[in-house]
Amino acid sequence: QVQLVESGGGLVQAGGSLRLSCAASGRVSSINAMGWYRQAPGKQRELVATITPGGSTNYSDSVKGRFTISRDNAKNTVYLQMNSLKPEDTAVYYCNVRRWVSDYWGQGTQVTVSS
């Protein structure tokens with residue numbers, strides 16, 4: 001099993017920045033992709049960004065140029081730097097880790113962007 005602990009959410013004004021962190025523990029060997037997803041009220045969970053162990057990244061079109069995903073493999077931690085935040089970025093953000101064929105999820109952290 002892999003345990004994920006997220007931190008860094010909060011309330012910010014439009015145009016502001018937040019940095020999310022997600023630390024993995026437990027069976028962390030052979031962790032593959034790490035990423036962030038989000039779910040707004042009344043909407044389905046959607047991909048925000050992913051990153052491979054080698055550092056290849058993938059972003060949703062809605063966050064390209066504003067968000068940056070990174071990871072520290074030595075610390076088994078993934079980060080999401082969110083800049084130029086918009087009210088439509090308001091959601092619960094979930095960390096995701098893939099290990100072999102299993103997906104693990106964090107508990108979620110609320111990000112609220114006020115206009």
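Taking L11 as the residue in question, decide whether it is open to solvent by less than 40 Å² (accessible area, probe 1.4 Å) and touching a residue at least 60 places away in the same chain (Cβ under 8 Å). So L11 fails the test. Annotation note: Cβ proximity below 8 Å between a residue of the range 46-66 that is without any contact (Cβ under 8 Å) to a residue 40 or more places away in the chain and of a type in the set (A, V, I, L, M) and a residue that is part of a loop (DSSP other than H, G, I, E, B) and surrounded by 10 or more Cβ atoms within 10 Å (Cβ to Cβ) (sequence gap 6+ or interchain) occurs for L47/S60; A49/S60; A49/V63.
Here the condition is being over 18 Å from L4 (Cα atoms) and either assigned to a strand (DSSP E or B) or open to solvent by less than 70 Å² (accessible area, probe 1.4 Å) (or both); of N58, N32, it holds for N58 alone. All of (1) modelled with pLDDT of 95 or more; (2) assigned to a loop (DSSP other than H, G, I, E, B); (3) open to solvent by 20 Å² or more (accessible area, probe 1.4 Å) hold for V63 with one exception: (3).
If you go through the range 11-49 and keep only what is out of contact with any Gly (no Cβ under 8 Å at 6 or more places or on another chain), modelled with pLDDT of 95 or more and basic (K, R), you end up with R38, K43, R45. Can you report the number of residues in the range 64-85 which are within 18 Å of V113 (Cα to Cα) and touching a strand residue (DSSP E or B) at 6+ places or on another chain (Cβ under 6 Å)? Adding up the residues that qualify gives 6.
When we screen T68, T77, T52, T57 for residues that are out of contact with any Asp or Glu (no Cβ under 6 Å at 6 or more places or on another chain) and over 28 Å from Q13 (Cβ atoms), the only hit is T52.
In the range 100-115, how many residues are closer than 15 Å to C22 by Cα and in a strand (DSSP E or B)?
Of the residues in that region, 6 qualify.
With respect to S70, is the statement that it is outside any loop (DSSP other than H, G, I, E, B) and free of Cβ contacts under 8 Å to residues at least 40 places away in the same chain true?
It is true that S70 is outside any loop (DSSP other than H, G, I, E, B) and free of Cβ contacts under 8 Å to residues at least 40 places away in the same chain.
Does V2 fit the bill of being open to solvent by less than 30 Å² (accessible area, probe 1.4 Å), of a type in the set (A, V, I, L, M, F, W, C), more than 20 Å from Y104 (Cα to Cα) and over 11 Å from the mean Cα position of the chain (by Cα)?
Against the criterion (open to solvent by less than 30 Å² (accessible area, probe 1.4 Å), of a type in the set (A, V, I, L, M, F, W, C), more than 20 Å from Y104 (Cα to Cα) and over 11 Å from the mean Cα position of the chain (by Cα)), V2 does not qualify.
The values are calculated or read from the model by the stated rules, or taken from the named source; none is laboratory data. A quick note: this is a predicted structure, and the numbers were derived from the prediction, not measured. Note that each Cβ is placed from the backbone with ideal geometry, even for glycine, and that neighbours are counted across all protein chains shown. The protein model used for the area step is the full one, side chains on, heavy atoms only, and it has no ligands, DNA or RNA in it. Shrake-Rupley method; radii C 1.70, N 1.55, O 1.52, S 1.80 Å.
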